[in-house]
Amino acid sequence: MVFMESEKQPNKIDFKGFISLHGGTTYSATDCEYTRFYFDIPETKLLSAFVPFTFDEFYIKKDAIKREREIIVLMLHVHIEFQLDLSSDKSRKERLLSFTAQTGHPPSKFLRSNSIALNNDIDDNELFEQLQNFRDRHYSAHRMTLVIKARFSLDVLEEYVETRFSPLPSNWMPSDDFTEFKDGNSFDTDAFQKIYKSIKPINDINQLHLTWVLPSLQNYYKSKPSEYISWIIEHKGNGSLTSYLRKKMWGLDVFCGNCDNDNDFGYNSMYVLFEIIVELTDEGLKHLRNVLDTIFSFINFIKRTGPEESIYNELYKIGNNNFRFFSKHDDVFDLCKRMHFYQPCDYLTGKHIYFEYNPEAIQKCLNLLVPETAKIMIFNNNFKLNIVEPHFKINYEDIMLPNVWLDCWKSIEPLSNFRLPSLNKFLTNNFSFIPISTEASKYPVKIHNDSISEIWFRPKFQWPVCHINLHIVHLSCSDLRTPINAALLQMYCNVIKYRLLEELHLAVTAGFDYEIDVNKEYIIWRNINILFILQSRLMVIANYIANLGPISEDLFNIIKVQQRKAYYNKFIEPKKFNEDMELWILKHGNCAYVHKYNALYICDFKSFQDFVTSFKNLYIQCLVEGNVTKDFTINIIQEFIKKINCGHLNNEIYTVPINKIPLGISQFKLKNINETDVNSVITNYYQVGTATIELSVLIELMIMIMKESLMNHLRTQEKLSYVSCDFRNINGVLGYSITVYTRTDKCTTEYVDQRIEEFLNSFRIVLEQFSEKKLDDVKDGLRISKHHDDTEILKNRVNRNWSEITKRQYKFDRCEKEALAIENINTKKLKTFFRKHTQNRLRKLSIHVVGAPKEVAISKQITFLIELWSLSNYFFLY
């Protein structure tokens, strides 16, 4: 409502439209104790963008409230029915925890007040008065913090702030006093204690959650006692809780820390929710009591050993290194919140750095981790659950914990296997920079090429880190269409990740970060390294590729089950299912998650062993950027290749072609696989053509002009909920897409499709009347977004360069060329482009994932009944 027109300024404030038109974005978040507003915009428009925040008396129009209320109520229905805000099982857990809090206490209201308040009988006049009173009470200058980041001088920024924000009034009233609710007494209820819940999750997961309520730790940010404890509990090395559970094959990983879903529910001025999460195997679910025994045994082990200053000193080094080289600590959205509870000298550093060792605070937190106050929750789809939470439709069951269990856990002895984390030999304070050469290229250069590999290199000496990206190409063209091979490649990758977790953990905590994933025919390795760690740890990865070592059939089956669950969790969410089906249609030979999910049923241990044996003939693409020399790059990559002992592929590297959509309209319609979800998702993809610099700029400008009016048309007028418009570059073929959510009991997907087309027809008129002056403003915003300065995070630049290499386009100066091309775009070119690709040469693919009707019970067995037809051309992929 802050950004909508007011009584005093009717029709003069279109904040979102103003920001969007100039290439910026807006965002706001209402947490449990704070509300934040964010926008970014080209610096030339910064002063003008401050206007909505600076009115001394800002009275909102009543009809604007009524209109917005209707939209919010619709969106809340969508969120509940579609489970958009509950697609995270962590969010579902928070909802249930809020219902265990004492009635009338803040945490009992945090996560359900919106849906209750906006759906009760309060009329618009009363809501209007309450909204104004709320604003007058809380939106006072003395309780606001402001962060601005721009490339102006501090004097100019200070002048901007004084000009626009000094008129803001202050009522000097204190914030609400939550003293009576501190120290977690809100959860001192029978519903929270001595009961564990079995919860039916959205995703297919087996997870064990243990949650404790601790006193607020906001004043302990300098010593971070809960971070010290979580560091030990979720350690992955030898002698850790994770290591023990993995050896027993009861758990795959352990996570620990403050339960905060970016909304303050788990970390605020009243209490902290401290949690341990175990990713259980099916075997671990059968041995649930043993897993719980192990957890409390480990907690007792930490209590007995007590705080160790040597561990704190390691955390101090890691925090300093992360702050200096890896963390993004100029995020204005995060900073403005930190300013409320950090001292001014710690605004930037307080989140990352350990300032003081406080063993008393650590021991106090440890002493609170007792079994009788732990809230135990199990997320699993196999339990028969008989309770449905009324507001958010969460299925669960309460089960009383036997007293004999609690008595056992209080005094259980630590296992002899347990050890505190060992001294990290990879930690250092000695960071050296390699002298930069005057011949250093601005863009990556290919420095080596043979039948097995190609190596691209670019030095970057501002940071003592090195990024290595590797594509390991294995499959031939004919193999790309085989779901079983795609699933086996992912399985191979997952086994390697499982093996590396413990061995590389110390290096990871010291700055050696790595990602391993599969992208169709490739295994992708992404490494972010401190240089002196790089060589030895990279060879560890090479050793596992060369020799995976003995894999038991039990371990194979555990990872296979987890992989099937991961595939299922991809396509059970309708938007992801929609996106995956789109790529299945557009990318020749692409295997969808549903295909790979089914293929895993016939994947046995023998076929996996045969696949691993065949992993010999490879082609390796590599990009290295950072604080490293050319000679070192060639040597280390060639050593890596030598270590994996591979041969070369017999045929050329296969670039996945993109299917050309027929002229006209093609439609692809599927049922939502989640039989309990009434959510429907419609994506209209408009294919434009092969990528060129000018074409890319034309599409981006069109989207910038279109986006806000699209939101107004579909969200405000049509009262549809989620709406997005996105630029698409799929393997060098450009286009754009419009995605909309709806519900089966509200309207059909065909109706939404028609509304999208009606909007495009009306937008054609808007574009015909669009002036060169307005276009110049939009071009200015897009041009600024294309410029990247030296302060840009190295990882972002590496990712852009890596995309050029993997797509085999090699336009490393794409942003600079696009910035120049913007100058040559005028309204005539934009109008001609839009007419051509929405009328004369329209290539449209409309994908509908249709939600389940409320009144129809759908079989729980997963079936894939696909109806495929075209309104003007049949469009088959067989």
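The values are calculated or read from the model by the stated rules, or taken from the named source; none is laboratory data. Quick caveat: nothing in here was measured; it's all calculated off a predicted structure. In this analysis, Cβ positions are derived from the backbone assuming ideal geometry, glycine residues included, and neighbour counts consider all displayed protein chains. Note: areas computed on protein heavy atoms with side chains; ligands, DNA, RNA excluded. Shrake-Rupley method; radii C 1.70, N 1.55, O 1.52, S 1.80 Å.
Some observations on this one:
- Test item: Cα-centred dipole of the stretch 125-262, Lys/Arg +1 and Asp/Glu -1 on Cβ, debye: 880 debye
- For the stretch 445-644, accessible area per residue (1.4 Å probe, heavy atoms of protein chains only), Å²: 35 Å²
- Cα-based reach from Lys62 at 27 Å (exclusive), listing lysines while leaving out same-chain residues under 8 positions away: Lys8, Lys12, Lys16, Lys109, Lys707, Lys719, Lys746
- Model label sites at Glu823 and Gln363, defined 7 Å from Cα along the beta-carbon direction, differ in position by 7.0 nm.
- Given Lys565/Lys786; Lys149/Lys317; Lys286/Lys364; Lys45/Lys222; Lys425/Lys807, the pairs whose alpha carbons are separated by over 30 Å: Lys565/Lys786; Lys286/Lys364; Lys45/Lys222; Lys425/Lys807
- Built amide H within the under 5 Å cut-off of Asn617, gap 5+: Gly647
- Solvent exposure of the stretch 179-304, expressed per residue, is 32 Å² of accessible area, with all protein chains present and a 1.4 angstrom probe.
- Residues whose amide H comes within less than 5 Å of that of Asp204, counting only those at least five positions distant or on another chain, are Asn569 (H built at 1.01 Å from N in the peptide plane).
- Most to least accessible of Ile637, Ile399, Ile558 (protein chains only, probe 1.4 Å): Ile399, Ile558, Ile637
- In order through the stretch 720-732: 3J(HN,Hα) via Karplus (6.51 cos²θ - 1.76 cosθ + 1.60), integer Hz, x for Gly, Pro: 8, 8, 6, 9, 9, 9, 9, 6, 10, 10, 9, 6, x
- For the stretch 170-178, backbone phi angles converted through the Karplus equation (6.51, -1.76, 1.60; θ = phi - 60°) give residue-by-residue couplings of 10, 9, 6, 7, x, 6, 4, 9, 9 Hz, Gly and Pro being listed as x.
- Extending 7 Å from Cα along the Cβ direction at Ile693 and again at Lys660 yields two label points whose distance is 2.6 nm.
- Remark: the stretch 270-284, residue by residue, has Karplus-estimated 3J(HN,Hα) of 9, 6, 10, 9, 9, 10, 10, 10, 10, 7, 7, 8, 4, 5, x Hz, where x stands for each Gly or Pro and the curve is 6.51 cos²θ - 1.76 cosθ + 1.60 at θ = phi - 60°.
- In this structure, the amide hydrogen of Tyr271, modeled 1.01 Å from its nitrogen in the peptide plane, lies closer than 5 angstrom to those of Ser216, counting only residues at least 5 positions away or on a different chain.
- Fully extending the segment from Met339 to Phe431 would add 30.1 nm, taking 0.36 nm per residue of separation and subtracting the current Cα-Cα distance.
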